[in-house]
Amino acid sequence: MEQASLFGARDTAAGHVAVAFVPDFAGWQAATRLQWQAGLAPDALWWHPDREAAAPPAAGGSGGPRVPKRFVALARAAACYRGADRWALLYRLLWRLTHGERHLLARAGDADVAQVNRYASAVRRDVHKMKAFVRFRTVAESGFDEPRYVAWFEPEHEIVEYAAGFFQRRFANMRWSILTPDRCVHWEGDGTVWFSPGTDKTAAPDGDVTENAWRVYYRSIFNPARVKVRAMMSEMPAKYWKNLPEAASIPGLIAGADRAVAAMEATHREHDTLHCGPTPASPEATLTRRAEAAPRGSLEQLALRAARCRSCDLCGPATQTVFGEGPSPARIMLVGEQPGDAEDVTGRPFVGPAGRLLDAALMDAGLDRRALYLTNAVKHFKFTPRGRTRLHAKPDYDEVRACRPWLEAEIKRVAPEIVVALGATAAGSLLERRLSIARDRGRRIDWHGRCVILTVHPAFVLRSRARRDDEYRRLVADLKAVAAA
Ligand code: URA
């Protein structure tokens with residue numbers, strides 16, 4: 001049979017009309033409108049997907065087909081199903097809905113209806129997996145201070161365009177690309193989205209520091225008491241594992257679940273004391289009481305529990321708890337204010353613009369970030385949404401106080417000799433009194449056998465436009481003094 005590739009050309013041998021169209025929902029819609037207006041019944045059509053197909057001429061006449069809204073939503077999802085028969089199925093449904101079967105979709109037992117529901121559900125499941133399992137890695141891009149976030153994902157269905165909106169909203173401020181074998185989507189952080197043809201995995205970056213963040217994060221949210229291997233495998237099927245940095249931890253976590261549960265039970269009684277109680281009689285008394293009550297167990301157990309902390313309202317809008325990271329014990333601990341946008345997304349402290357400035361300052365001061373423990377006074381990102389932007393908002397007294405038990409517990413485990421407070425919020429949380437940067441910067445404050453040193457927050461240096469170089473040099477000098485202390 002000769003295949004006509006022209007729009008609406010008649011195939012004389014079989015008596016079909018071959019409809020060449022761009023195989024996505026919009027392409028099918030445009031082609032469908034013309035065929036429907038021409039009164040061509042489903043059996044008369046042969047759907048011929050072609051990425052290069054010319055746009056069909058604008059449909060003449062007044063109305064196109066009028067279908068229930070629900071059909072449009074169903075068809076939009078089912079159009080992403082990877083199956084050659086989807087286009088004919090959708091046209092058949094549309095034809096029937098507009099030719100005497102207006103309530104067709106209510107008949108779940110109808111073969112066409114059952115099929116479109118099945119297709120749409122499979123696509124939505126796939127989108128759900130994509131939202132859950134896309135893992136961005138950072139790639140430096142010339143001409144930009146900020147890296148681009150690039151992810152590789154292998155969807156089961158052709159969902160890239162369909163799912164793109166979620167990522168645009170979720171990661172509105174970042175520049176990112178999601179590469180897949182079918183299509184790639186790119187977002188420029190300024191409202192520009194564009195698509196390119198599919199690629200292979202070699203185009204995606206291999207692994208970077210965010211990999212480790214995912215491992216730590218997964219370990220921190222893994223609840224050994226709730227391990228249901230079968231349910232876990234269905235939620236996180238093994239086929240996704242190869243692209244998930246945290247997957248390498250799964251067998252070990254499952255194997256160690258029993259031991260972890262026993263340890264969790266041992267610390268169970270202490271748990272409540274970590275959620276803030278009544279206002280303390282005196283900071284000293286509270287510190288001692290909380291220090292004594294601080295949980296035993298590892299930093300990982302602590303991170304695991306902090307991941308479920310609901311002690312203040314910040315946990316709601318934030319993506320995740322950003323716990324501290326670094327070796328334990330560590331001679332030096334750095335305490336910031338709270339995670340920012342990038343930290344909230346990646347789950348790691350100091351990975352955004354302030355973090356990069358801090359990295360440079362540490363290096364210039366002769367300090368190796370890998371030898372330090374970095375954390376924040378507040379473990380959730382507090383922000384005010386402004387359009388597509390999440391503006392940093394200062395945590396208030398209660399929020400700092402609600403998080404303090406986590407900071408104390410980290411200090412107890414990491415046992416630093418020197419704690420560097422980056423900014424007044426960190427200092428206030430540590431010492432439970434107000435310090436002034438102008439007055440107290442660089443002073444060595446004796447605090448329960450440890451030395452607290454106050455300096456500015458790296459974000460302050462970023463904000464000091466005109467005096468940025470001076471402020472940067474002062475920060476480096478403070479950190480050099482820490483290194484020498
Ligand atoms: N600012 C902070 O105080 N902490 C971070 O982790 C990032 C920015």
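The values are calculated or read from the model by the stated rules, or taken from the named source; none is laboratory data. Since we're looking at a predicted model, the values are computed, not measured. Please note: Cβ atoms are built from the backbone with ideal geometry, for glycine as well, and neighbour counts cover all protein chains shown. SASA here: full protein model, heavy atoms, side chains in, ligands and nucleic acids out. Shrake-Rupley method; radii C 1.70, N 1.55, O 1.52, S 1.80 Å.
Among the residues of segment 338-367, count how many are within 11 Å of the ligand (Cβ to nearest atom) and of a type outside the set (Ser, Thr, Tyr).
Summing the residues that are within 11 Å of the ligand (Cβ to nearest atom) and of a type outside the set (Ser, Thr, Tyr) in segment 338-367 gives 19.
Got a sec? Which of 70, 66, 10 is at pLDDT below 80 and either under 24 Å from residue 96 (Cβ atoms) or surrounded by 11 or more Cβ atoms within 10 Å (Cβ to Cβ) (or both)?
10
All but one of (1) more than 27 Å from the chain's Cα centre (by Cα); (2) at pLDDT below 95 hold for residue 417; which doesn't?
(2)
Report, by residue number, each residue of segment 174-196 that is touching a Lys or Arg at 6+ places or on another chain (Cβ under 7 Å) and not hydroxyl-bearing (Ser, Thr, Tyr).
Of everything in segment 174-196, those that are touching a Lys or Arg at 6+ places or on another chain (Cβ under 7 Å) and not hydroxyl-bearing (Ser, Thr, Tyr) turn out to be 175, 176, 187, 188, 189, 195.
Condition check ((1) in a loop (DSSP other than H, G, I, E, B); (2) surrounded by fewer than 17 Cβ atoms within 10 Å (Cβ to Cβ); (3) in contact (Cβ under 8 Å) with a residue 60 or more places away in the chain) across all residues:
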position	(1), (2), (3)
130	no, no, no
151	no, no, no
155	yes, no, no
163	no, no, no
169	no, yes, yes
172	yes, no, yes
184	no, no, no
195	no, yes, no
199	yes, yes, no
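Which strands (runs of 3 or more DSSP E) sit wholly inside segment 342-451 and have at least 3 residues that are closer than 28 Å to residue 174 by Cβ and not acidic (Asp, Glu)?
Here the list reads 373-376, 383-386, 389-392.
Determine if segment 21-34 includes at least one residue that is touching a Lys or Arg at 6+ places or on another chain (Cβ under 9 Å), open to solvent by less than 40 Å² (accessible area, probe 1.4 Å), at pLDDT below 85 and among the hydrophobic types (A, V, I, L, M, F, W, C).
No.
May I ask you to list the residues in segment 385-416 that are farther than 30 Å from residue 190 by Cβ, hydrophobic (A, V, I, L, M, F, W, C) and out of contact with any helix residue (DSSP H, G or I) (no Cβ under 9 Å at 6 or more places or on another chain)?
Matches in segment 385-416: 415 only.
Testing residue 370 on (1) within 15 Å of the ligand (Cβ to nearest atom); (2) open to solvent by 50 Å² or more (accessible area, probe 1.4 Å); (3) of a type outside the set (S, T, N, Q); (4) in contact (Cβ under 8 Å) with a residue 40 or more places away in the chain, one condition comes back false. Which one is that?
Condition (1) is where residue 370 drops out.
Quick one: is residue 454 part of a helix (DSSP H, G or I), over 22 Å from residue 345 (Cα atoms) and open to solvent by less than 20 Å² (accessible area, probe 1.4 Å)?
When the stated conditions are applied, residue 454 does not pass them.
Restricting attention to segment 373-389, report how many residues are within 13 Å of the ligand (Cβ to nearest atom) and not β-branched (Val, Ile, Thr).
Result for segment 373-389: 9.
If I ask for residues that are within 16 Å of the ligand (Cβ to nearest atom) and not hydrophobic (A, V, I, L, M, F, W, C), which ones from segment 401-458 would you list?
Passing the criteria: 404, 410, 423, 425, 428, 429, 455, 457, 458.
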